[in-house]
């Protein structure tokens, strides 16, 4: 998740209709850069985030390695979040100050983005398990799964200021075990429950606004969902086994973006120019350029 997703440049996606009964194919965006790969790049990578300078952070799930790439895909530096083996790094974010936040074995850890120096943990009395997180303008939003599927809002000082209890299961009507989160316009919060393949939208006060998706392979449904991101127009992107699913700000389905190389999208992030970065299951990063509006 990027520290600030609200790009200054207007972008638009054009949807190309295909045969009736089939999901429409999206004409834009187009891939303008590819880098990485299992043997030469972010191997075992699962999470991607960007800072305000455009640096791209890619984190490995199993060993906690963080690689930092420039906008051309060149490796700028790398460091490790832990010396332990077989660590779980489930979530990654970068705040406006360039601090990297990562969930390691269920705890939120902070690191200096330029050096990897540990800066301590974000305390939470109930303890683990934190899963995903997103940097907000005034703090941090994290998902917590431990008997409940909650969303915790933290202030910039690291104090829990708001709790959304059973954020997805309350809408889906079934237990939820894995949550991804993204910040939308006006401080809204979008929560993706990957077990239920359901997206639930909350306003900045933590009140439910909408939910959509649901498990299936029909247009508007999700299958094997992995991550969620919001662009500067409030459009919702969800990576799943079918591609990058696109919904408008009301939750209406608008199309699917198919990835190259038959890849499945894991992580999603936007930079400040409105470009979308997708981390695929083969360790490659794809940069998509969105078509400017007329």
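What follows is calculated from the coordinates using simple rules that are stated; it is not laboratory data. Here the structure is a predicted model, which is why all the values come from computation and not from measurement. Glycine gets a Cβ as well: all are built from the backbone with ideal geometry, and neighbour counts include every protein chain shown.
Once you put a point 7 Å from the Cα of residue 96 and another 7 Å from the Cα of residue 44, both along the Cβ direction, what distance in nm separates them?
3.6
Could you give the length gained on full extension between residue 86 and residue 115, defined as 0.36 nm per residue of separation minus the Cα-Cα distance, in nm?
Value of the extension gain: 8.2 nm.
Provide the gained length on full extension for the span residue 207 to residue 261, in nm with one decimal, where the gain is 0.36 nm per separating residue minus the Cα-Cα distance.
Roughly 15.4 nm would be gained on extension.
Going highest first, how would you order 217-223, 69-75 by mean Cβ packing within 10 Å?
Highest mean packing first, the order is 217-223, 69-75.
R0 = 22 Å: FRET efficiency of residue 105 with residue 170, Cβ-based, nearest 0.05?
The calculated FRET efficiency here is 0.25.
With the contact rule set at Cα under 8 Å and sequence spacing of 6 or more, what percent relative contact order holds for the chain?
Here the relative contact order equals 20 percent.
Once the convex hull of the alpha carbons of region 114-192 is built, what does its volume come to per residue, in cubic angstrom?
Dividing the Cα hull volume of region 114-192 by its residue count gives 109 Å³.
If R0 is 41 Å, what FRET efficiency do you get for residue 215 and residue 30 from their C-beta distance, rounded to 0.05?
FRET efficiency, residue 215 to residue 30: 0.85.
Beyond 25 Å, what percent of the Cα pairs of region 164-271 remain?
Of the Cα pairs, 12 percent sit more than 25 Å apart.
Within region 82-101, list the residues whose amide N lies under 14 Å from a label point set 7 Å along Cα→Cβ of residue 76.
The answer is 94-100.
Starting from 0.36 nm per residue, how many nanometres of slack lie between residue 252 and residue 185 once their C-alpha separation is accounted for?
Contour length minus Cα-Cα distance gives 22.5 nm.
If only Cα atoms are counted, what is the Rg of region 11-292, and what is its Dmax, in Å?
Values for region 11-292 (Cα only, Rg and Dmax): 17.5, 54 Å.
Would you please classify the overall shape of region 179-220 from the alpha carbon gyration tensor, given that a ≥ b ≥ c denote the square roots of the eigenvalues, rounded means a/c under 1.5, and beyond that prolate means a/b larger than b/c while oblate covers the rest?
It is prolate, given that a/c is not under 1.5 and a/b is the larger ratio.
How much mean residue ellipticity at 222 nm does the chain get from its helices, if each DSSP H run of length 4 or more adds -39500 (n - 2.57) and you divide by all residues, to the nearest 500 deg cm²/dmol?
Per the formula, 0 deg cm²/dmol.
Sort 198, 165 so the one with the fewest other Cβ atoms within 10 Å of its own Cβ comes first.
Lowest count first: 165, 198.
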